[in-house]
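These notes are about the structure you will find just below.
Bear in mind that the values in this text are calculations on the coordinates, not laboratory data. All values derive from a computational prediction rather than experimental measurement. When we count neighbours, we look across all protein chains shown, and the Cβ atoms used for this are built from the backbone with ideal geometry, even at glycine.
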Amino acid sequence: GLNSRFHTFCVVSENIASDPVVQQDFLLSNLDCVTVKGKTVGIKVFELVGRKSTSTLSETNMSKLHNEAMELYFKRDFKGARDKFDEILQIGDHKGAEILRKRCDKYMENPPPPDWDGSEKMTQKTFH
């Protein structure tokens, strides 16, 4: 379901993304932290962009920028994260950056509560 939301081909959980073999061979982009329907704890999800050995410079740059933006986002630096998402969107289309940029705007106006864990609560399992 998250693939349809983010317009990605393959999304993996943080458990898979943290595997040393996966980190060595694959280019991963931290997409979001979600609490899926029926669960109470958020989990980071990553786009598996491709193999590092065949990834383009554009894919590598976008992934690097997205990971930097997400790092700022989780630190509640929503202005800094939004600026990074803008950089990504200047390079090309990226649904994840578009979604998170809008969320940063929302949080800059209305900050999340102090106990915010960075996760977005999913209320449905599929997106269209």
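A few notes on this one:
- Computed FRET value (nearest 0.05) for E98 with V41, which takes r as the C-beta separation and R₀ as 22 Å: 0.25
- Lys/Arg +1, Asp/Glu -1 at C-beta; region 57-128 dipole; positive extreme among P111, Q90, F78: P111
- Here's the list of lysines a cross-link from K37 could span, going by alpha-carbon distance under 25 Å and ignoring same-chain residues fewer than 8 apart: K75, K95, K102, K106, K121, K125.
- Dividing the radius of gyration of the alpha carbons in the chain by their Kirkwood radius gives 0.95 for Rg/Rh.
- Efficiency of FRET from Cβ geometry, S13 and S58, R₀ 35 Å, rounded to 0.05: 0.85
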